[in-house]
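The structure appears right after this line, and notes come after that.
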Amino acid sequence: MKLLKEGYKTVEKIAGPLLFVSKVARGGIGEIVKIESNFGEDYGQILQIVDDLCVIQVFGETMGLAPNNTVVWLERDVVKIPLGIALQGRILNGRAMPIDGEGPISCIEKWAPIQGNAINPWRRKSPHEFIETGISTIDLMNTLVKGQKLPIFTGSGLPADKLAAQIVKYARTPATSADSSPFMVVFAALGITQREASYFREAFRESGAIYRGVFFFNLAGDPSIERILTPRMALTVAEYFAFEKGYDVLVVLTDMLHYCEALREISSAREEIPGRRGFPSYMYSDLASIYERAGCISGIKGSITQIPIVTMPDDDLTHPVPDLTGYITEGQIVMDRELHGKGIYPPIDVLSSLSRLMNKGIGEGSTVPEHRALSDQLYAAYGRFKYLIRLKTIIGEEGLTPTEMSYLSFGEKFESEFVNQGERRRSLDETLEHAWNCLLTLPKDELHRLPVNLIDEVMLKRGTKA
Amino acid sequence: MQDNRGYIKGISGSVVTSTCFANTSIYEVVYVGSERLLGEVVRVRRDVADIQVYEDTTGLQIGDHTIFTGELLSMKLGPGLLGQVLDGIGRPLERLGKKSPYISRGTHIDAVDDSEKWYFIPRLQRGDDVGPGDILGEVEEKGIKHFIMAPLDFRGKNSTISWMAPKGEYVVDDVICKIGETTVKMFQRWNIRTPRKVGRKLDLDKPLLTGTRILDVFFPLALGGTAVIPGGFGTGKTVTQQSIARWANADIVIYIGCGERGNEMTEVLEEFPSLTDVRRGIPLMDRMILIANTSNMPVAAREASIYLGMTIAEYYRDMGYNVAIIADSISRWAEALREISGRLEEMPGEEGYPAYLASRLARYYERAGNVVPLGSPQRNGSISVINAISPPGGDFSEPVTQSGLRLSGCFWALDKGLATKRHFPSINWAQSYSLYHENLDRYFTREISEDWVPLREFVFNILHDGKSLQEMVQIVGRDGLTEEEKWILKLSELINIFYLQQNAFDPNDAYCDSGRQLVMLNTLKLLDEQIRGALNSGVLFEQIDSQFAFVADLMKLRSQNTEDYENSLTSYIKKLKEELSDLI
Ligand SMILES: Nc1ncnc2c1ncn2[C@@H]1O[C@H](COP(=O)(O)OP(=O)(O)O)[C@@H](O)[C@H]1O
Ligand SMILES: [Mg+2]
């Protein structure tokens, strides 16, 4: 039992979000501290210790703190979050304090450290269950499976929020009934604007997700360092519901760019050697400690599917945040400004998008046997279309063969009909129908990724001729 | 008072600073804190040591104890490793996983199971004289002969066997032999950072066949050679490496998931046990050892993982096996090195990597080779190194890619543009190279066919010509092309689709042996001869192009199994000839 409270008035230096406190006896790495000043109370975490000097990152604002008005109390504990079923339907701030006016969190079952532990790879179970998102470009060409981490890469002004909200609203697995929302949502807003936040709130209310989900809001005006905590808290809650209560949890994290900027802020205050664009060189491992918390575990019910939203500054896919994200996640859905400009929604560029776990969730028994072949054929044909569009600008339409011309009609149909589905949900059957509509604009000989008898069968059914 | 105990003075991420002693040595193993987290000294100053800790350091406090063991980080090598999955410091993940789904701290168990029994058959007997590396006897491990060898560092005055265990069942900790006064057990410990000594190095004259057409034909790797496969995310590093792990003609495969995805390890664990080794008919998992130190597992253990893998590889090589060691990815290892170096506040070099990055990499690559191991009977073993590289932003000018290029014999360059088009494997044939052609051409000519080299050159030339024509078309259009040039353009497109593209998930095409590769090359040659014949007799390319569905025809051929392939090819060419002559 701890009788004495350990408080220190020995703040030596304050730099950005960091406090340097000396003469600390037996400081512990990762421990939380309470910071008391004329402005009230705040919390921080010990990041680094050299002898009796502790470097502390403060989750709130350091503005107004001065070495002589600040007391640092060691809590002798790591950052923890209260867990319990009653979290469902609650709206919390970026460090898990309720902000919905419904009072404190009730019926707490336990407190858990938010750091999380790495899942033993031997205990993982490959994600393999098809999730129907109702979006053609995803369901047919970049299939999402339960337990996958699949980010949306977007650019400023592109409708990633809308897409994410739509996925939350429509996502279902074939096993669950059509009208109940099968997923429980854990949502973490990281530095998004008031406007974006209310968009999500409204969308969740409309889809009913609000009653069963848990929502964390760290907005653009909130302390940026808090953002280091928010995704970890959200994932700790997700793990609780998934692996202890058996839920399929869909975690939406938006926007990971802001999370990484907070990481950069701390790193630069610590005067670490900056990596690309000033982001710390350990950002890969740090991001992995968040993204790798998705998955399925053998012998345990429940799953965590992650949809992080990542803004690509200047639409640059090689910017460190989308780049490192893509290296960790199991694919990516990429939003395209050109398609958006043409009024196409959702403006998903299938060629740069990818679902690495797709093969596990499709085909006989899950979707349709020809799923892979159809998707490959669409990719090949659309890729060819893109090439021919460029060629056309050089040599003109006259220079193209009739077959090549048919690719141009294919591509236009593909973009304006298959991709451009609007906000409506499409069942997989409808998606397949649209896919064939596009493909049959091509000569049969060009469809060499598809089994010949299948093409014949489909043509027969539709009464179209070769 | 114990004189090997220090206490923690500082903590920064995975690096802990502790008081130490005059005899504390670099790379000495240290247990840190009350949970006895495993660590290794990476820097010693007069009385403080910096220790990289292989487990999560959260909760460690200033003043916590450290215990200096005086030993280096070593691996217990013996029968029972095959088929296992280990973390970066050699702990068996299956046994740990039975207790908890999460990686727990402070548990130290060896991968070699002390209680498992092995049937030992001696090969030598009392009175025989032995030297380092001599084979004393054998046990059977998962269908291969696991040789029990005299320790490499064995240095007794008396080198005569004074006692040899009779054949029978033993556990690895049992003494199976006495050489003079030295007792030998069925296992040996080896410090993971020290290469195992070998007799002599041999030339590399046999290929590591992968079953992937573009690699085996255009950019072959030799047994004992080194290859790098750099590429941005989603270009096919992992799929290519897993495909090599499946199909390569290696006896043993060590697969290191070094700072990559957890689910990719799981995939191997789920799929490989039910797949069969095409050459020996045993489950694929039985020839594998998986080292899984995923991106979210401790970075210091990631740094150690490649040395652990290499040590195990050398151990099996010393028995006379061809071992392939596949690391996905070496960039994550380099980043771990950089992170630790940053915590030590060392002077950064290029891209923040420590100045010793290149020399550390060199030492790793140089552990590859084709060798005669120490000891008798004389045998031949090899280690082939295949490293994935994950350059930031897919830009190959960064230090890890550049060092890899300098140190390896094969460069398999992945191309984002090809991957975007779903051209797989998206290896760029114009950028990639192999330095083993000269040696291996002799092998292919002797073992496969005299036509191998000429056919390869024929196809490669068409690809080159096709590429320059394509570049021209993109500037000036198609009008100026001759009939022959139009055909070359078409043929190079066919080569891409029919020969270079190979879907790793297509059960009929994922693996293509050398014989089949040869007939496929020959198909292209025969096709070319027919078409050129027709063009020379005045037929226009457009006539041919509109009449024939070459892609469809070739894909149909490709879907034939090898037995039927040659017959179908003959009849295809015959039919083609007839139809062409109708045009003339
Ligand atoms: N040889 C191949 N055949 C078929 N698909 C492939 C092949 N290589 C790569 N792919 C596709 O590309 C995706 C990314 O490949 P992967 O090896 O995971 O990339 P990386 O490791 O470079 O990030 C895979 O999920 C798969 O869909
Ligand atoms: Mg990979």
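The values are calculated or read from the model by the stated rules, or taken from the named source; none is laboratory data. Here the structure is a predicted model, which is why all the values come from computation and not from measurement. Methodologically, a virtual Cβ is constructed for each residue, glycine included, from the backbone with ideal geometry; neighbour enumeration extends over all protein chains shown. Heads up: the accessible areas ignore ligands, DNA and RNA and are worked out on the full protein's heavy atoms, side chains in. Shrake-Rupley method; radii C 1.70, N 1.55, O 1.52, S 1.80 Å.
Only one of the numbered conditions (1) within 14 Å of chain B (Cβ to nearest Cβ); (2) open to solvent by 40 Å² or more (accessible area, probe 1.4 Å) is violated by A:Gln88, and that is (1).
Given the condition surrounded by fewer than 20 Cβ atoms within 10 Å (Cβ to Cβ) and in contact (Cβ under 8 Å) with a residue 40 or more places away in the chain, answer yes or no: does some residue in segment B:171-178 qualify? Yes, there is a match, as at least one residue in segment B:171-178 is surrounded by fewer than 20 Cβ atoms within 10 Å (Cβ to Cβ) and in contact (Cβ under 8 Å) with a residue 40 or more places away in the chain. Suppose the filter is surrounded by fewer than 17 Cβ atoms within 10 Å (Cβ to Cβ), more than 12 Å from chain B (Cβ to nearest Cβ) and without any contact (Cβ under 8 Å) to a residue 24 or more places away in the chain; does A:Glu41 pass it? Judged against the criteria, A:Glu41 is a match. Among residues of segment B:226-238 that are in the same structural domain as B:Asn370 (by TED's automatic domain parsing), those with a Cβ under 6 angstrom from a residue that is within 9 Å of ligand 2 (Cβ to nearest atom) and part of a strand (DSSP E or B), sequence gap 6+ or separate chain, pair up as B:Ile229/B:Ala388; B:Lys237/B:Ala388; B:Thr238/B:Asp328. Is segment A:315-323 home to any residue that is without any contact (Cβ under 8 Å) to a residue 12 or more places away in the chain, farther than 19 Å from A:Ser126 by Cβ and more than 8 Å from every other protein chain (Cβ to nearest Cβ)? Looking for residues that are without any contact (Cβ under 8 Å) to a residue 12 or more places away in the chain, farther than 19 Å from A:Ser126 by Cβ and more than 8 Å from every other protein chain (Cβ to nearest Cβ), one finds at least one in segment A:315-323, hence yes. Scanning segment A:350-395 for residues that are of a type in the set (Gly, Ala, Ser) and open to solvent by 20 Å² or more (accessible area, probe 1.4 Å) gives A:Ser352, A:Gly365, A:Ser366, A:Ala373, A:Ala380. Counting the residues of segment B:220-248 that are within 12 Å of ligand 2 (Cβ to nearest atom) and part of a loop (DSSP other than H, G, I, E, B) gives 6. Filter segment A:350-368 down to the residues that are assigned to a helix (DSSP H, G or I) and within 9 Å of chain B (Cβ to nearest Cβ), then identify the one that is nearest to ligand 1 (Cβ to nearest atom). This residue is A:Asn359. B:Gly83 passes every criterion in (1) touching a residue at least 60 places away in the same chain (Cβ under 8 Å); (2) touching a Leu at 6+ places or on another chain (Cβ under 6 Å) apart from (2). Would you mind stating whether B:Ser341 is more than 21 Å from B:Gln84 (Cα to Cα) and not assigned by TED's automatic domain parsing to the domain that holds B:Tyr102? When the stated conditions are applied, B:Ser341 passes them. Where residues in segment B:249-264 are near ligand 2 (Cβ under 10 Å from one of its atoms) and of a type in the set (D, E, K, R), which of them is farthest from A:Thr325 (Cα to Cα)? So, considering only residues that are near ligand 2 (Cβ under 10 Å from one of its atoms) and of a type in the set (D, E, K, R), the one farthest from A:Thr325 (Cα to Cα) is B:Glu264. Residues of segment B:222-248 that are more than 8 Å from ligand 1 (Cβ to nearest atom), out of contact with any helix residue (DSSP H, G or I) (no Cβ under 7 Å at 6 or more places or on another chain) and within 14 Å of another protein chain (Cβ to nearest Cβ): none at all. Filtering B:Val385, B:Val400 for residues that are at pLDDT 95 or above, more than 11 Å from ligand 1 (Cβ to nearest atom) and either of a type in the set (Lys, Arg) or in a strand (DSSP E or B) (or both) leaves a single hit, B:Val385. Considering A:Glu433, A:Glu446, the condition of being of a type in the set (Asp, Glu), over 22 Å from A:Gly341 (Cα atoms) and within 14 Å of chain B (Cβ to nearest Cβ) is satisfied by A:Glu446 alone. Listed conditions (1) crowded, with 21+ Cβ neighbours inside 10 Å; (2) out of contact with any Leu (no Cβ under 6 Å at 6 or more places or on another chain); (3) more than 30 Å from A:Leu18 (Cβ to Cβ) are all met by A:Thr254, apart from (3).
Scanning segment A:113-144 for residues being within 13 Å of B:Thr266 (Cβ to Cβ), assigned to a strand (DSSP E or B) and of a type outside the set (Lys, Arg) gives a total of 1.
When A:Pro347 is tested against (1) more than 12 Å from chain B (Cβ to nearest Cβ); (2) in contact with a strand residue (DSSP E or B) (Cβ under 7 Å, 6 or more places away or on another chain); (3) surrounded by fewer than 23 Cβ atoms within 10 Å (Cβ to Cβ), only condition (3) is not met. In segment B:329-377, the qualifying residues are those that are among the polar types (S, T, N, Q) and open to solvent by 50 Å² or more (accessible area, probe 1.4 Å), and the one that is farthest from B:Phe233 (Cα to Cα) is B:Ser376.
Residues that are out of contact with any Ser or Thr (no Cβ under 8 Å at 6 or more places or on another chain) and surrounded by fewer than 17 Cβ atoms within 10 Å (Cβ to Cβ) within segment B:498-508 comprise B:Asn503, B:Phe505, B:Asp506, B:Pro507, listed in sequence order. Restricting attention to segment B:403-455 and to residues that are of a type outside the set (Ser, Thr, Tyr), part of a helix (DSSP H, G or I) and within 16 Å of ligand 1 (Cβ to nearest atom), the residue that is farthest from the other protein chains (Cβ to nearest Cβ) turns out to be B:Gly404. The residue that is nearest to the chain's Cα centre (by Cα), among those in segment B:383-393 that are open to solvent by less than 30 Å² (accessible area, probe 1.4 Å) and either within 14 Å of another protein chain (Cβ to nearest Cβ) or away from ligand 2 (no atom under 16 Å from the Cβ) (or both), is B:Val385. Within segment B:194-211, the presence of at least one residue that is under 19 Å from B:Leu500 (Cα atoms), within 16 Å of ligand 1 (Cβ to nearest atom) and more than 14 Å from chain A (Cβ to nearest Cβ) is confirmed.
Against the conditions (1) crowded, with 19+ Cβ neighbours inside 10 Å; (2) more than 16 Å from ligand 2 (Cβ to nearest atom), B:Ile427 satisfies every one except (2). For segment B:291-338, a residue qualifies if it is within 16 Å of ligand 1 (Cβ to nearest atom) and small (Gly, Ala, Ser), and the qualifying residues are B:Ala292, B:Ser295, B:Ala327, B:Ser329, B:Ser331.
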